[in-house]
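Structure in C-alpha cells, see below.
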Amino acid sequence: MDARKINIKNLFPIRTQYAIPPYQRSYCWNRDDNWIPLWEDIKSYINKEVDEDRKHFMGAIIVQDNSLGGRVTDMFVVDGQQRITTIQVFLLALRKQMQKTEYELPETKLLVSSLIKNEVTPQGDPRKLKPSLSDQQAYYEVFNYAMEETRRKPNSGKKG
C-alpha cells in the first residue's frame, strides 16, 4: 500500500479514470452536512483566512489499479467515492461558471477541464469519473451540461 498526501491536480492526473464499483453505496453527500462545510473551507483558503501552509484534509481515498495496459489508467475507488464525486461536481460547476464570466483565463479553463476530462479515453468515455450505476444518469447530465459551451450575451446596454 502506498499512502501519501496529494493535491487535487495529482488526484486527477492526465489519462486516469476512476470507477465506482457496484458494491459501493450511492452518492449521499448533502448540502448542509457536507457541501457547505467544504465550500466554507475552500472560501477560507482562497480568502487567505487560514495559514497558507495549511492544507485541507479531505480524508483517505483508497484506489486499486485496475488497468489492463491501455492508454488510460483505470482505478477502482475502494474508499472515498463521496469525496471524489463531490470534487468532480465542484470542478464541473466551476468550469460552467467560468464559461459564464466575461473574464475567463484560458489557462485556468484548460487546467479545470483537464481535471474533469481525459483527452485519450477508454471506450470513448472522456470522464475522469465513472460513478456507480445508480448515480450515472445524474452525474452524466451534470457533466454534459458543464461541458456545453455557453454563449455569452453581448454587453447590450452596459456603459463602459
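The values are calculated or read from the model by the stated rules, or taken from the named source; none is laboratory data. Values in this document were obtained by computation on a predicted structure and should not be read as measured data. Glycine also receives a Cβ, built like all others from the backbone with ideal geometry; neighbour counts cover every protein chain displayed.
Pairs please, first residue from segment 94-112 and over 24 Å from Asn10 (Cβ atoms) and assigned to a helix (DSSP H, G or I), second anywhere and at pLDDT 85 or above and not acidic (Asp, Glu), Cβ atoms under 9 Å, 6+ apart in sequence or on different chains.
Taking only residues 6 or more apart or on different chains, the pairs are Gln99/Ala146.
Return the residues of segment 113-160 that are modelled with pLDDT of 90 or more, polar (S, T, N, Q) and assigned to a loop (DSSP other than H, G, I, E, B); say none if nothing qualifies.
Hit for segment 113-160 is Ser132, nothing else.
Now, a different point. Need pairs with beta-carbon distance below 6 Å; first residue within 25 Å of Val77 (Cα to Cα) and within segment 25-48, second in a loop (DSSP other than H, G, I, E, B); sequence gap 6+ or separate chains.
Correct list of pairs: Asp41/His56.
Enumerate the strands (runs of 3 or more DSSP E) found wholly within segment 1-91, keeping only those where 2 or more residues are exposed (fewer than 13 other Cβ atoms within 10 Å of the Cβ). Outline the logic, then answer.
Details: elements: 16-19, 62-65, 73-79.
Qualifying strands (runs of 3 or more DSSP E): 62-65.
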